[in-house]
């Protein structure tokens with residue numbers, strides 16, 4: 001029996017078995033999202049890495065509701081508005097109304113959909129593959145069994161987290177994947193600490209280095225920390241650029257040393273929190289930079305592998321995109337559909353990205369309660 005047939009049967013059986021799973025269509029994806037953004041001053045970074053942008057001042061809006069101005073009705077990147085502007089029919093962030101028996105049934109449903117989703121990872125990377133994985137993400141979210149209303153979360157990253165090239169909300173702030181993740185899980189407080197040009201290393205200056213500027217990118221009140229970075233380190237073209245040695249526990253040199261130092265600080269100051277590192281999707285972008293300390297130039301996946309190895313060493317969680325082929329945009333069809341410029345997500349990309357990250361958080365915390 002083919003994998004798609006197996007998945008279709010599993011979905012049909014599990015949906016029929018649990019009518020309260022809330023798998024209805026979404027009607028307003030982010031109508032109640034509250035995103036708090038740190039103040040940013042005008043910034044024009046003079047480096048040779050390609051993600052440098054000029055930022056405009058953004059003030060924190062602590063209680064404003066986000067109304068998305070969708071910008072998806074453009075040639076070659078349209079999504080049916082009944083899909084992109086849908087919200088989960090029931091509020092998946094509010095699960096307190098369910099009995100323990102109902103919550104256990106939801107957790108079991110989530111496990112079934114997660115197992116069905118995993119069978120898709122071996123399919124050839126394509127736009128259709130991402131769409132199929134996304135359908136499973138939505139089923140996982142429709143069966144959310146964890147109440148995030150008491151959790152504070154901070155998303156740390158570069159311009160992808162910040163939302164460069166995406167839609168703009170009514171307050172003039174970019175709408176990134178963070179917005180969509182929060183639309184499902186409804187955290188108590190969300191901080192978007194994304195900034196264009198950020199990297200682990202300090203080739204763009206101390207302010208753009210996650211490691212050197214550690215105190216200003218984290219938040220002591222956050223219960224959950226999500227880090228999504230590394231592409232700028234890979235694409236950066238800088239004199240004397242170094243890759244480093246991931247297994248050298250004493251060295252702080254190069255990319256490897258910077259990632260290790262950042263994770264070491266996270267463990268030291270936030271070791272009691274739940275910390276996740278997102279392994280970015282693939283793109284057609286190739287680095288033109290040269291690492292002076294290695295003969296064979298590292299690939300982007302080599303950069304991500306450093307994060308995987310060190311996250312395991314320090315006891316952090318990994319949300320995988322690259323290795324499972326999710327939103328793989330190395331081909332033109334996927335890139336045109338999900339990305340604005342071959343790197344940054346447009347709304348199509350931010351939606352599925354936010355849903356996947358939210359599904360991973362929902363799975364982790366939902367299953368954690370049963371252990």
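The values are calculated or read from the model by the stated rules, or taken from the named source; none is laboratory data. Keep in mind that what you see is a predicted model, and the values were worked out from it rather than measured. We place every Cβ from the backbone using ideal geometry, glycine too, and count neighbours over all the protein chains shown.
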Original post:
Here are some conditions: (1) in a helix (DSSP H, G or I); (2) within 16 Å of residue 263 (Cβ to Cβ); (3) modelled with pLDDT of 95 or more. Residue 211 meets all but one. Which one does it not meet?
Top reply: (1)
Subject >> Which numbered condition residue 185 fails, given (1) crowded, with 24+ Cβ neighbours inside 10 Å; (2) over 25 Å from residue 117 (Cα atoms) >> reply: (2)
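Give me the residue from the stretch 262-292 that is in a strand (DSSP E or B) and closer than 30 Å to residue 333 by Cα and, out of that set, nearest to the chain's Cα centre (by Cα).
Narrowing the stretch 262-292 to residues in a strand (DSSP E or B): 274-279, 283.
Now narrow it down to the ones that are closer than 30 Å to residue 333 by Cα: 276-279, 283.
Details: 276: 10, 277: 9, 278: 6, 279: 8, 283: 15 Å.
That would be 278.
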Original post:
Checking residue 120 against (1) modelled with pLDDT of 95 or more; (2) surrounded by fewer than 18 Cβ atoms within 10 Å (Cβ to Cβ); (3) not in a loop (DSSP other than H, G, I, E, B), which single condition isn't satisfied?
Top reply: (2)
Original post:
Mind checking which residues of the stretch 188-208 are over 15 Å from the mean Cα position of the chain (by Cα), buried (at least 23 other Cβ atoms within 10 Å of the Cβ) and in a strand (DSSP E or B)?
Top reply: 199
Original post:
Looking at (1) surrounded by fewer than 23 Cβ atoms within 10 Å (Cβ to Cβ); (2) modelled with pLDDT of 95 or more; (3) outside any loop (DSSP other than H, G, I, E, B), can you tell me which one residue 156 breaks?
Top reply: (1)
Subject >> Residues located in the stretch 98-135, provided they are more than 12 Å from residue 362 (Cβ to Cβ) and in contact with a helix residue (DSSP H, G or I) (Cβ under 6 Å, 6 or more places away or on another chain) >> reply: 112, 116, 117, 119, 120, 123, 127, 132, 133, 134
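Would you say residue 259 is surrounded by 15 or more Cβ atoms within 10 Å (Cβ to Cβ) and either assigned to a loop (DSSP other than H, G, I, E, B) or at pLDDT 95 or above (or both)? Give the derivation first.
Working: surrounded by 15 or more Cβ atoms within 10 Å (Cβ to Cβ): yes; either assigned to a loop (DSSP other than H, G, I, E, B) or at pLDDT 95 or above (or both): yes.
Yes; evaluated as a whole, the condition is true for this residue.
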Original post:
Filtering the stretch 221-244 down to residues that are touching a helix residue (DSSP H, G or I) at 6+ places or on another chain (Cβ under 8 Å) and over 27 Å from residue 294 (Cα atoms), which residue is surrounded by the fewest Cβ atoms within 10 Å (Cβ to Cβ)?
Top reply: 224
**OP:** Inspect the stretch 269-278 for any residue being touching a helix residue (DSSP H, G or I) at 6+ places or on another chain (Cβ under 7 Å), buried (at least 22 other Cβ atoms within 10 Å of the Cβ) and within 28 Å of residue 337 (Cβ to Cβ) and give the result as yes or no.
**Re:** yes
